[in-house]
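We did not get these values from a lab; they are worked out from the coordinates using the rules stated. Remember, predicted model here, so these are calculated numbers, not experimental data. No Cβ is skipped: glycine too gets one built from the backbone with ideal geometry, and neighbour counts run over all protein chains shown.
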Amino acid sequence: MDIFGIGPLEIIFILLIAMVVVGPRNMGKTGRMLGSFLNRLYRSENWKLINEASKNLRNLPNRLAREAALDELDAVQKDIEETSKAISDTGRDLTQEVRDLDVGLRAWQAPSLDTADSKKGALDQDPGTDASDS
């Protein structure tokens with residue numbers, strides 16, 4: 001069992017040194033004085049501020065990593081949105097190009113179809129008669 005990171009043998013060693021320094025008669029009085037000091041320390045506003053700052057410092061690396069990851073995710077999301085928009089614009093441009101080519105191809109084929117129809121009509125007529133005779 002560790003108290004404040006100090007094992008049982010270390011506590012016994014500290015008590016022996018305290019007994020030698022303070023003496024056996026003043027040991028109880030010194031213990032009460034030390035206990036009341038620690039009680040006032042733990043209940044003080046300064047201790048609460050120090051404890052809160054310590055927690056914040058312990059959590060700081062994790063919080064910074066989370067914020068960096070969020071910033072990185074925001075940057076990746078922005079890149080994805082830009083790429084998506086570029087792909088969408090390219091798709092619209094390609095669709096328009098295909099429509100333009102289709103219109104051009106139909107316009108190019110239309111005169112040849114008209115010419116083919118007139119040739120077919122000429123072939124359907126009697127070879128001995130002239131088209132103007134009809």
Within the stretch 63-83, can one find any residue that is without any contact (Cβ under 8 Å) to a residue 24 or more places away in the chain, among the polar types (S, T, N, Q), part of a helix (DSSP H, G or I) and farther than 30 Å from Phe4 by Cα?
yes
Which residue, of Glu52, Glu45, is surrounded by 10 or more Cβ atoms within 10 Å (Cβ to Cβ) and of a type outside the set (A, V, I, L, M)?
Glu52
Residue hits (the stretch 21-38; part of a loop (DSSP other than H, G, I, E, B), exposed (fewer than 12 other Cβ atoms within 10 Å of the Cβ) and of a type outside the set (D, E, K, R)) are Gly23, Pro24
If we scan the stretch 39-52, do we find a residue that is small (Gly, Ala, Ser) and in a helix (DSSP H, G or I)?
no
